[in-house]
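Visitor: Okay, handing you the structure first.
Nothing in this text is a laboratory measurement; each read-out follows from the coordinates by a stated rule. Note that the structure is a prediction, hence the values are computed from the model and not measured. We place every Cβ from the backbone using ideal geometry, glycine too, and count neighbours over all the protein chains shown.
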Amino acid sequence: MTDTNGAAKRKNAGGLGLALDFGPLLVFFLGYKFFGVFAGTAIFMVAIIIAVLVSKFRLGHVSPMLWLTAILVIGFGGLTIYLHDPKFIQIKPTIIYLLLAGLLFGGLLMGKPMLKYVLEAAYDGLNETGWKKLSRNWAWFFLAMAAANELLRLQLDFDQWLTVKTWGVTIVSILFGMAQLPMLMKNGLSVETETPPVPPQG
């Protein structure tokens, strides 16, 4: 039996879905600004747990990406607090980006565009060629973001890194997602579909 109700919830998540994807990072940014890096990290951990619970009970589904992010935030956040070293929370995005890139490239090698299984409900009418191109483009994007995160964390202090991570990466990701629209439209994306979501970030 098809989970039509679950798919409909995910498709119509709208602002709630965006809040679940980017909200915890914004909370981390604010927590750091007001309380410092270690208290901010603890707040980040609580925020990601709340995001998982809200996704489960409001949308009826927790995406694999949100699960992965939550596990890494809690794991690396715990190391950051326990060892009193902020580099662990800075490394977390690099690991997420590399895992995502590896998953997408691996799927393409097997002929399976992995984004199709995560975002299908949001891309009505997109054909197989479109899914492959979308997965390929995001794979390269995530690989570039992993390299950029390593460069930034080594060159900037924590305050500068977090500012770029919170605002710069979010804006770049949204712009990159919007730049995919012409290709998506050429490959069957319904003209009635709202602006497609951006895959969640690290």
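Visitor: Per-residue HN-Hα couplings for the range 152-168, Karplus 6.51 cos²θ - 1.76 cosθ + 1.60 at θ = phi - 60°, whole Hz, x for Gly and Pro?
Guide: With the stated coefficients, the range 152-168 comes to 5, 5, 7, 9, 10, 6, 4, 4, 5, 4, 5, 4, 5, 4, 6, 9, x Hz.
Visitor: Among 25-35, 147-157, what's the highest-first ranking by average C-beta atoms within 10 angstrom per residue?
Guide: Put in order of decreasing packing, that is 25-35, 147-157.
Visitor: Further question: Given the options M110, M178, L98, identify the residue whose Cα lies farthest towards the positive end of the charge dipole of the range 74-182 (+1 on Cβ of Lys, Arg; -1 on Cβ of Asp, Glu).
Guide: After comparing all options, I get M110.
Visitor: What number comes out for the charge environment of A139, summing +1 per Lys or Arg and -1 per Asp or Glu over other residues with Cβ under 11 Å away?
Guide: +3
Visitor: On to the next question. Count of lysine pairs in the range 4-186 with Cα atoms under 12 Å apart, counting only pairs 8 or more residues apart in sequence or on different chains?
Guide: The number of close lysine pairs in the range 4-186 is 7.
Visitor: Using the Cα centre as the reference, give the magnitude of the dipole from point charges on the C-beta atoms of the range 4-186 (Lys, Arg: +1; Asp, Glu: -1; all else neutral), rounded to the nearest 20 debye.
Guide: Dipole about the Cα centre, nearest 20: 460 debye.
Visitor: Additional query: How big, on average over all directions, is the shadow cast by the Cα convex hull of the range 61-198, in nm²?
Guide: Its average projected convex-hull area is 8.8 nm².
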